[in-house]
1. Run the accessible area of segment 162-236 with a 1.4 Å probe and give the carbon-and-sulfur part as a rounded percent.
2. Would any residue of segment 103-137 have its amide N under 19 Å from a label point 7 Å out along Cα→Cβ of residue 176? List them or say none.
3. Find the Rg to Rh ratio for segment 1-94, where Rh is the Kirkwood radius over alpha-carbon pairs and Rg uses the same atoms.
4. So what is the relative contact order of segment 32-112, in percent, for Cα pairs below 8 Å that sit 6 or more residues apart?
5. With the other protein chains left in place, how much accessible area per residue, in square angstrom, belongs to segment 179-226 at a 1.4 angstrom probe?
6. At 1.4 Å probe size, with every protein chain present, just tell me what the per residue accessible area of segment 1-65 comes to in Å².
7. Would you mind working out the magnitude of the charge dipole of the chain relative to its Cα centre, with +1 at each Lys and Arg C-beta and -1 at each Asp and Glu C-beta, to the nearest 20 Debye?
8. Can you give the extra length, in nm with one decimal, that the chain gains between residue 141 and residue 190 once fully stretched, where that is 0.36 nm per residue apart less the Cα-Cα distance?
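The values are calculated or read from the model by the stated rules, or taken from the named source; none is laboratory data. What you are looking at is a predicted structure, and each value in this text was computed from that prediction instead of being measured. No Cβ is skipped: glycine too gets one built from the backbone with ideal geometry, and neighbour counts run over all protein chains shown. The accessibility values were calculated without ligands, DNA or RNA, using every heavy atom of the protein model including side chains. Shrake-Rupley method; radii C 1.70, N 1.55, O 1.52, S 1.80 Å.
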Amino acid sequence: MIVQTCINGARSADFHPQLPLDPEAMARDGASCVAAGAAELHVHARGLDGRESLAPATMDRTVLALRRACPGTLIGVSTGAWIENDDERTLDAIAGWSELPDYASVNLSEKAAPEVMQSLRQRGIGIEAGLASVADAERLVRLDHDNQVLRILIEISEQALDAALEACDGIAAVLDRAGLRRAILLHGADATVWPFVHRAAERNWSTRVGLEDGKALPDGTTASGNAALTAAAVAIFRAGR
C-alpha cells in the first residue's frame, strides 16, 4: 500500500496557484510531496508553452529534474492519447526518450493501448494499466496473458459516488474472475477523491492524490498544494493500519 502523488495532470494554470508546470517547479513540488509521505510521483510533462507533451526534449528535462530532486523515488508519467493527439507521434516520442521514467500509465480505453504497451516494454518501462470501466478490464485480461503490467490503475471519473463505487467493484470482479493478480492503485477525481482513498485503505490497495485529481482536502477546504493533499492521504492510510 502506497500513496502516489499526481502533481499536475492536464489541469490549467488557473486551477490552483501552486500547480507545478515547469520542470523546476515539478522538482520542488515533488520533493515536498516525498517529504510529506509520497512513495511515488506521477507527472505530466509540459513544454515551454505550458502544454502537455511527450516530446523527448520535454520528457527528458522533466524526468531528470525530478530524479535530481527526489533520488530513489519512482517517477511515472502519462501516455494519454490526447497529449500528442496522434498515435504514431506518441510511439515515436516514447522511442526517443533518453531519461526514462520508471513506469507510464496506459489507458486501456484508447485504441493504440496495445502498441503503446509494447513500446514501453521494449524500453524497459513499467506499465500502469489504466482501467476506467469493465470494458477496459476485460480488454486488459485479453491483452495481458503473462501478467506483464507493473500495476493496475483503477481510475474512476464518475462523480456520483454510488455509480463510481459500482464501476470500481465491477472492474475488480473482472480482474478477480480472470485471476489477474497485480498490485492495484485506486483513485477517484474531484468529488470522489477521498471516498476512494478510504476504499483503497479498506481493501489494502494503493491510492493517489494530488492536483491532477482534485484540490480539496477531506474537510472540503482547498489544500495549500500537493504536499498537503499527500499528508492527508498518508494520515488516512496510517489510521487504517
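1. Values: 1470 of 2970 Å².
Its accessible area is 49 percent carbon and sulfur atoms.
2. Residues passing the 19 Å test: 131-137.
3. Working: Rg = 12.8 Å, Rh = 13.4 Å.
Computed over Cα atoms, the ratio is 0.96.
4. Details: 102 pairs, mean separation 27.3, N = 81.
Here the relative contact order equals 34 percent.
5. On the way: 1910 Å² over 48 residues.
Result: 40 Å² of accessible area for each residue.
6. Details: 2540 Å² over 65 residues.
That works out to 39 Å² per residue.
7. Working: 23 positive and 33 negative charges, 161 e Å.
For the chain, the charge dipole is close to 780 debye.
8. Numbers: separation 49, 0.36 × 49 = 17.64 nm, distance 2.84 nm.
Gain on extension, residue 141 to residue 190, equals 14.8 nm.
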